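J.: This is the structure I have questions about; it appears just below.
The values are calculated or read from the model by the stated rules, or taken from the named source; none is laboratory data. Since the structure is predicted, the reported quantities are computational estimates derived from the model, not experimental observations. So basically every Cβ, Gly included, is an ideal-geometry build from the backbone, and we count neighbours across all protein chains shown.
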Amino acid sequence: MNNNMSDDILQKNETGSEDDQFRSGYVSIIGAPNVGKSTLLNTILGQKLAIVTPKPQTTRNQIRGILTTDSHQMVFVDTPGLMDPKYRLQSEMVRTAYGALRDADVVLFVIDVAHPNTDIQNMVIEQLSGRKRTKTILVLNKVDLVEKPKLLPLFEEYSNKFDFDAMIPISALKKDGVKELLEQITPYLPPGPLYFPEDQLSDLPERFFISETVREKIMLITQREVPYATAVVVEEFEKRTRRNTDEIIYIRAIVYTEKQTQKQIIIGKGGKQIKRVGELARHDIEKFLDSPVFLELYVTVKADWRRDIIQLRELGGFLDL
């Protein structure tokens, strides 16, 4: 951690008394698309939990990651990037993001200092203004991409926009400032119980992370509208014994697109594209499950699924629609 960066941490209030009470709470991570929310979550946990791509709107649902120490448990909630929605899927993504504010003990409002989105930032600040009781930290991410003289005026600018409890510069990708961020969050957590077992990393099912991993690879290797029109559902997940008595996990997943042309692009000539997706996904899934995996992928069409409430529930994971 750069010592100069630590000097830029602005904390408005006293962080509270030192005590040995166990603290626990929910920490919601919000912000515009591509500001580094998922990268921050993965860096905090020290393990890849949320998928990350250079494309906006990669995260569609809340991703909950759990960090437990001897003194506290933080349940981080990564959220979809906030935007002006154009269709039903995007509307549900925005609703999901704001929903994470409801039960938050601490809110991390992440901005990209290299490419600020003023319109989205003002929209988020308007939402935060109605939740003044929640501790809110402004996280200025990607500070490695800007010169320090350009960074300093941002502190004054944002302190005039909202009464943040703290402002902390970080580089989630380079892990700079993340330790200081965690140290700032801890005193803001209320005294509370251990919500999850000490070794639990998330409360989401394995199938969710498998489908997300496949979708990540599709987003990385396809262009234009194709990655956004894609959903992945794991239909079969079971342990099987091979001839040599070793166990392997068999996974069958369906990749849904909205159009036949999108299906053809994902499959590729002679099936090369979908084979590549499978190879990349299987490598990450095996690492995640710590087991050999046999992954079968099928591609099919469900027209306009992003605009249909029933299909969104089935394919998009928005179970509370």
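J.: Find the residue count for the range 108-144, including only residues that are touching a strand residue (DSSP E or B) at 6+ places or on another chain (Cβ under 8 Å) and either within 21 Å of LYS179 (Cβ to Cβ) or surrounded by fewer than 15 Cβ atoms within 10 Å (Cβ to Cβ) (or both).
T.: Summing the residues that are touching a strand residue (DSSP E or B) at 6+ places or on another chain (Cβ under 8 Å) and either within 21 Å of LYS179 (Cβ to Cβ) or surrounded by fewer than 15 Cβ atoms within 10 Å (Cβ to Cβ) (or both) in the range 108-144 gives 17.
J.: Answer yes or no as to whether PRO193 is of a type outside the set (A, V, I, L, M, F, W, C), in the same structural domain as GLY81 (by TED's automatic domain parsing) and at negative phi. Before the answer, list the steps.
T.: Working: of a type outside the set (A, V, I, L, M, F, W, C): yes; in the same structural domain as GLY81 (by TED's automatic domain parsing): no; at negative phi: yes.
It is false that PRO193 is of a type outside the set (A, V, I, L, M, F, W, C), in the same structural domain as GLY81 (by TED's automatic domain parsing) and at negative phi.
J.: Which one of LEU182, LEU151 is in a helix (DSSP H, G or I), out of contact with any strand residue (DSSP E or B) (no Cβ under 6 Å at 6 or more places or on another chain) and modelled with pLDDT under 95?
T.: On inspection, the qualifying residue turns out to be LEU151.
J.: Here's another thing I want to ask about it. Assess whether GLN200 counts as being in a loop (DSSP other than H, G, I, E, B), of a type outside the set (Asp, Glu) and touching a residue at least 60 places away in the same chain (Cβ under 8 Å). Full working, then the answer.
T.: On the way: in a loop (DSSP other than H, G, I, E, B): yes; of a type outside the set (Asp, Glu): yes; touching a residue at least 60 places away in the same chain (Cβ under 8 Å): yes.
When the stated conditions are applied, GLN200 passes them.
J.: Let me ask another. Condition test on MET74, is it surrounded by 20 or more Cβ atoms within 10 Å (Cβ to Cβ) and either over 15 Å from the mean Cα position of the chain (by Cα) or assigned by TED's automatic domain parsing to the domain that holds VAL139 (or both)?
T.: Spelling it out, MET74 is indeed surrounded by 20 or more Cβ atoms within 10 Å (Cβ to Cβ) and either over 15 Å from the mean Cα position of the chain (by Cα) or assigned by TED's automatic domain parsing to the domain that holds VAL139 (or both).
J.: Sort through ARG60, ARG102, ARG88 and tell me the only one that's out of contact with any strand residue (DSSP E or B) (no Cβ under 6 Å at 6 or more places or on another chain), over 26 Å from ASP284 (Cβ atoms), buried (at least 17 other Cβ atoms within 10 Å of the Cβ) and at pLDDT below 90. Let's see the steps before the verdict.
T.: Values: ARG60 fails: over 26 Å from ASP284 (Cβ atoms); ARG102 fails: buried (at least 17 other Cβ atoms within 10 Å of the Cβ).
Exactly one residue qualifies, and that residue is ARG88.
J.: Oh, and also: For the range 195-229, how many residues meet the condition of being of a type outside the set (A, V, I, L, M, F, W, C) and over 18 Å from the mean Cα position of the chain (by Cα)?
T.: Selection size over the range 195-229: 8.
J.: Next question. Regarding ASP246, is this residue free of Cβ contacts under 8 Å to residues at least 60 places away in the same chain, under 22 Å from ARG95 (Cβ atoms) and charged (D, E, K, R)?
T.: Details: free of Cβ contacts under 8 Å to residues at least 60 places away in the same chain: yes; under 22 Å from ARG95 (Cβ atoms): no; charged (D, E, K, R): yes.
No: the conditions fail for ASP246.
J.: So is VAL139 closer than 18 Å to VAL77 by Cα, at pLDDT 90 or above, in a strand (DSSP E or B) and not charged (D, E, K, R) or not?
T.: Taking the combined requirement at face value, the residue satisfies it.
J.: Okay, next question. Being within 20 Å of PRO292 (Cα to Cα), surrounded by fewer than 19 Cβ atoms within 10 Å (Cβ to Cβ) and of a type outside the set (Val, Ile, Thr) narrows it down to one of GLU236, GLU198, so name that one. Break it down into steps so the answer makes sense when it comes.
T.: Details: GLU198 fails: within 20 Å of PRO292 (Cα to Cα).
The match here is GLU236.
J.: Taking the conditions exactly as written (closer than 20 Å to LEU220 by Cα and not β-branched (Val, Ile, Thr)), does LEU295 satisfy them or not?
T.: So LEU295 fits the description; yes.
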